[in-house]
Structures are given as structure tokens and as C-alpha cells.
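The values are calculated or read from the model by the stated rules, or taken from the named source; none is laboratory data. Keep in mind that this is a model prediction, so the values were computed, not measured. Methodologically, a virtual Cβ is constructed for each residue, glycine included, from the backbone with ideal geometry; neighbour enumeration extends over all protein chains shown. In case anyone asks, the SASA skips ligands and DNA or RNA and just uses the protein heavy atoms, side chains included. Shrake-Rupley method; radii C 1.70, N 1.55, O 1.52, S 1.80 Å.
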Amino acid sequence: MTWLVIKCFLLAPVSTFMAVFARLLCPVLPFFAEDDGYLPEWLWWFQTPFDTLDGDRGSWERHPGTDAWSKYKRRVCWLWRNAAYGFDMRVCGIKVNPDSDEIVYEGNPDIGDNSGISGKCKWFACREGELIAWQWYYVMHYEIFGIHKCVRIGFGWKIWSEEKLYDEPAQYWLYFNPIK
């Protein structure tokens, strides 16, 4: 466990640098998109492996339109929201196999910014009895001036979604938003 905590803190400045760097590149990266909406392999550190640069359904709802300007805006916003996503998976990530590694949690895994449930939860991935990855997540919902917001804090490696772990390493993350 001690080594993973040290690793998590050592990765923080590297991941933060890449997130800032990726946000500076956001306006340029859509020009490199291939016909299928993905970046070429040499830019994969900036790609979200599970979605094209056009994002998910929510991205389309926030940024509709199929003309060139709408597509460009949607892609820049998606890259801004998911800055250096591929880097945090492929360079900082940890390979977890949901079939052979044991993933357990303490707390309520249903907490979240969209679920309306406050609390904290910790996930642990173990291989042959040894801890290989962990994740810590905290959400506290509140209202300010009649507007619903939440504090959202997370760090470690995203092991809360076993489905994604079959295709990509567990993504490193360090997240803090007091007014999400």
C-alpha cells in the first residue's frame, strides 16, 4: 500500500502538467482527427479511448450540430473536459484484470455527482492477495442560492467500472471540484 500511495503522489505533478499541456492543445487537436473521429496513434495520449472526439451523448446534447463549426466546438470542449485522458490511462494507469484480480469496495459505490447521493467510497484491486490499485472518492451535495451543487474529490486509479478495465488500464486520476 505504501508504494501505491507514493506512486500516486509522484504521478500527480506529471499528470497535472499533461492536463495543462493538453488544454493548451485543445484548439489544435481537432484538426488532426481522422475520418472516424479519433486522433492518430501518435496523439493517443490526448484521446478518450471509449469515445471519438465528438464525445458521448451528453457532449452532443451540450454541443449539437453537424456543421464544421459545431463539430469543432464540440471536439474542443470534449478534449478540454477529458484532457490527457489517454496519458492518464496508458502511461500513469495500472492494468487490472476484472476476471482474475479481486476488486472490492468499502462504502457506498452509488455516490456521485449525478446520483444525488453523498458519501465516500474506496475501491481496492488485489492480485494474488497483493494490492495493485486503489481509488478514493468523496461527494457532498449542497445547495447555494437555490442551486444544487456538490463537492467532488477523487484520486487513485479508476477501478469503479470493471467493464472498461477489460480494454484499457485503470486510469490515474486526481480530481477536486468544490462547486460541481
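Side notes on the structure shown:
- Matching residues in the stretch 162-180 - criterion: being touching a strand residue (DSSP E or B) at 6+ places or on another chain (Cβ under 9 Å) and open to solvent by 20 Å² or more (accessible area, probe 1.4 Å): Glu162, Lys164, Pro169, Leu174, Tyr175, Phe176, Asn177, Pro178, Ile179, Lys180
- Residue in the stretch 16-30 that is modelled with pLDDT of 95 or more, of a type in the set (Gly, Ala, Ser) and either within 17 Å of Gln171 (Cα to Cα) or open to solvent by 60 Å² or more (accessible area, probe 1.4 Å) (or both) present: yes
- Looking only at residues of the stretch 135-161 that are charged (D, E, K, R) and within 16 Å of Lys122 (Cβ to Cβ), we find that the one that is surrounded by the most Cβ atoms within 10 Å (Cβ to Cβ) is Lys158.
- Filtering the stretch 121-170 to residues that are assigned to a loop (DSSP other than H, G, I, E, B) and within 19 Å of Asp99 (Cβ to Cβ) leaves Glu128, Gly129, Lys158, Ile159, Trp160, Ser161, Tyr166, Asp167, Glu168, Pro169.
- Qualifying residue in the stretch 114-131 (condition: closer than 19 Å to Gly86 by Cβ and exposed (fewer than 15 other Cβ atoms within 10 Å of the Cβ)): no
Every residue, every condition in (1) part of a helix (DSSP H, G or I); (2) over 26 Å from Gly156 (Cβ atoms), yes or no:
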residue	(1), (2)
Val5	yes, no
Ala12	yes, no
Tyr38	no, yes
Lys73	yes, yes
Pro98	no, no
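- Residue in the stretch 33-49 that is surrounded by the most Cβ atoms within 10 Å (Cβ to Cβ), counting only those that are in contact (Cβ under 8 Å) with a residue 24 or more places away in the chain and closer than 23 Å to Val14 by Cα: Gln47
- Within the stretch 76-104, residues that are polar (S, T, N, Q) reach partners that are open to solvent by 20 Å² or more (accessible area, probe 1.4 Å) with beta carbons closer than 9 Å, at six or more positions or on different chains, in the pairs Asn82/Asp51; Asn97/Arg127; Asn97/Tyr166; Ser100/Arg127; Ser100/Glu128.
Okay, residues lined up against (1) open to solvent by 30 Å² or more (accessible area, probe 1.4 Å); (2) of a type outside the set (Gly, Ala, Ser); (3) more than 16 Å from the chain's Cα centre (by Cα):
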{"site": "Asp51", "(1), (2), (3)": "yes, yes, no"}
{"site": "Arg57", "(1), (2), (3)": "yes, yes, yes"}
{"site": "His63", "(1), (2), (3)": "yes, yes, yes"}
{"site": "Thr66", "(1), (2), (3)": "yes, yes, yes"}
{"site": "Tyr72", "(1), (2), (3)": "yes, yes, yes"}
{"site": "Leu79", "(1), (2), (3)": "no, yes, no"}
{"site": "Ala84", "(1), (2), (3)": "no, no, no"}
{"site": "Phe87", "(1), (2), (3)": "no, yes, no"}
{"site": "Val91", "(1), (2), (3)": "yes, yes, no"}
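- Count of the stretch 105-114 residues which are assigned to a loop (DSSP other than H, G, I, E, B) and touching a residue at least 12 places away in the same chain (Cβ under 8 Å): 5
- Filtering Ile132, Ile94, Ile117 for residues that are over 19 Å from Trp173 (Cβ atoms), out of contact with any Gly (no Cβ under 8 Å at 6 or more places or on another chain) and at pLDDT 95 or above leaves a single hit, Ile117.
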